[in-house]
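The values are calculated or read from the model by the stated rules, or taken from the named source; none is laboratory data. Computed from a predicted model, the values in this text were never measured in an experiment. Positions of Cβ are backbone-derived with ideal geometry, glycine not excepted, and every protein chain shown enters the neighbour counts.
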Amino acid sequence: MQALADQGWHDLDDERWNAYAQATYISSWKPAFAAAYTNLNGTPHSLSPNAERSFTGTFTAYFGLKAWSGGEIYLAPEMISELPLSDLKGLGGGIQNFELQKTGSVSATWYKSRFYLKQTFGFGGDDGRNESAPLQLAGALDSHRLVVTFGNLSVLDIFDKNRFSADLRQQFLNMAFLSHAAYDFAADARGYSVGLAGEYYLGAWTLRLGRFATPQNPNDLPLDFNVFNHYGDQLEIEHRHTLYGQDGAVRLLAYRNREIMGRWDAAIAALKDDPSKNAAACGGFHYDSTNAGAPDLCWVRRPNVKTGIGINIEQRLTGAIGIFLRGMVSDGQTEVYSYTSADRSLSLGAAVDGEYWGRARDTVGVGFASSWLSASHVDYLRLGGVDGFIGDGTIRYRPEQLVDVYYKFHPWPSVWLTADYQHIANPAYNADRGPVDVYGLRAHFEF
C-alpha cells in the first residue's frame, strides 16, 4: 500500500480500503528417537519413533474495506498444503508447527479463514491512530472507544495477544507459543470460528468479551451454530503500562465452554460397568482405536462445561529485548475439544533484536514451555484411552516440556528466513518415550 501512496494513488492517513498477502513455507525434520513402545494394544495416537519430515505451505490474502463511518469489513481467503508428523498425533501441548491443521492434506486446500464486520464507536479521549496492516485500515481512533466484531474469524484475532509470542509466522514455530496450550478456545479444525466480540478501551485498560461457535464434534471442521446451548465464552482484562520507561502489558483471561463432550472419569466408569463400552466398539464420533480393553469418550458425550483462567505478560526490558510469560489452569475434567492436549500450561521466553550484533532487523528468540494433565486425564490414558492428539496405550506420566530456539534473518524487505530448533521431553506426557528433537526452516513473505 505504501507504493500506491508514494504515487498519490492511496491515502494512508484515512484508508478506504487496503489489500495485503502473505506466503509461508515451513519444513521440519525429526530424527529417530527412543521409545519403549508405540501404539500399544492398538491405541493409535503415538508419535512415530522413526525419522520423519513434515511441511506446511500457506498463502493468505487480506482485504479491508471501510463501509461507513466506523464500519469496516474484512475478508481473508487462505490456502494450505501440509504433511504433519505422524498424522498430527503424539504431541500434547507442544505441536512442533503451529500452521498444521487437523483436516489438511498435501493437496492445496482453499477456504475462507475470515469474513467479518468491525464497528468502532469513538467516545473521545486522546487521539491515536491505526497504521495500515493486514486486517487493519489506517486512520484516527479515540483512546476511549467500543469495538464490536461479528463474523468468521479466529478467537486469537482478538484475545490473548502478545507482542513477543503470538505471531508465529514471525516468531516461534511451536504451537505452545501461539497461545496458552491449555486454552481450549472455540475453533474448527482449521482454527477459526464464527462469533461476536466486544472490546471496551478506556485509557490504559481494555475489557474484552466474546462468544464463539464450537465444533459439532471434537477437533472437527463443521461448526455448531446453536450458540445459545453450545458455545465458547471468553473474558479478558488488559492493562498496558510503562515500567522504567519501557512498555508492557498484563492480561487476565478466563474462558467457559459448554459443549457435547465426554469426561475422563465417566469414560473410565462406563468401561468398568460394561466392558462392551470400549474403544474398539465405538459407534459414534471416535478416533479409530482398536484397543478393546480401553475406555473411550464416545460412550459418555453429553452437555458438559469446561473452564480455565490464565495470565499473559509482555514486557520490554530495552528497545531491543522483550520477555513474555503465559500461564493457564483449566479444570481438566473433560476432553480436548479444539486446541492442544493440555490441562495446565506455562510458557516463557525472550526475543532479542539484532542491533547488538549489527543486524538490527534480525531477531533471536528463546522459549520454554511446559504442560500438564489432570489426574483423571492421566488415568484415562494409562488405561489405553485416546484423545484428539495423544494416546500411546499406557503412560508413565511426566509433564511435557520443550525448548524452542529460533533465529530470524531479514535479508530483504518483505522476506524473512528462520532457522528453528526444538527439544521436546516426555512427548505426550510419557517418560517411556523420547526425548524428541525437531529441526525447522521457515521462509515468510509479505506483499
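For residues in region 102-137 being assigned to a strand (DSSP E or B) and charged (D, E, K, R), which is modelled with the lowest pLDDT?
Once the filter is applied, the top-ranked residue is Asp127.
Can you name every residue in region 138-192 that is at pLDDT below 95 and part of a strand (DSSP E or B)?
Passing the criteria: Gly139, Ala140, Leu141, Asp142.
Going through Gln315, Gln333 one at a time, which residue ends up being in contact with a Gly (Cβ under 6 Å, 6 or more places away or on another chain) and modelled with pLDDT of 95 or more?
It is Gln315.
Tell me, which residue of region 77-105 that is of a type in the set (D, E, K, R), touching a residue at least 40 places away in the same chain (Cβ under 8 Å) and over 19 Å from Gly393 (Cα atoms) is surrounded by the fewest Cβ atoms within 10 Å (Cβ to Cβ)?
Only one residue tops the list, namely Lys102.
If we scan region 306-316, do we find a residue that is surrounded by 24 or more Cβ atoms within 10 Å (Cβ to Cβ), without any contact (Cβ under 8 Å) to a residue 60 or more places away in the chain and of a type in the set (A, V, I, L, M, F, W, C)?
no
Can you pull out every residue in region 115-148 that is free of Cβ contacts under 8 Å to residues at least 60 places away in the same chain and either in contact with a helix residue (DSSP H, G or I) (Cβ under 7 Å, 6 or more places away or on another chain) or crowded, with 19+ Cβ neighbours inside 10 Å (or both)?
Tyr116, Lys118, Thr120, Arg145, Val147
It is to be established whether one or more residues within region 407-428 are surrounded by 16 or more Cβ atoms within 10 Å (Cβ to Cβ), more than 29 Å from Gln315 (Cβ to Cβ) and of a type in the set (Asp, Glu).
Checking region 407-428: not a single residue is surrounded by 16 or more Cβ atoms within 10 Å (Cβ to Cβ), more than 29 Å from Gln315 (Cβ to Cβ) and of a type in the set (Asp, Glu).
Show the residue pairs that are 6+ apart or on different chains and have beta-carbon atoms under 7 Å apart, the first residue being within region 35-50 and within 13 Å of Pro435 (Cα to Cα), the second being in a helix (DSSP H, G or I).
Every condition considered, the pairs that remain are Leu47/Leu85; Leu47/Ser86; Leu47/Pro427; Leu47/Ala428; Ser48/Ser86.
Any chance region 32-49 includes a residue that's farther than 24 Å from Asn291 by Cα, assigned to a strand (DSSP E or B) and under 25 Å from the mean Cα position of the chain (by Cα)?
No; the residues of region 32-49 include none that is farther than 24 Å from Asn291 by Cα, assigned to a strand (DSSP E or B) and under 25 Å from the mean Cα position of the chain (by Cα).
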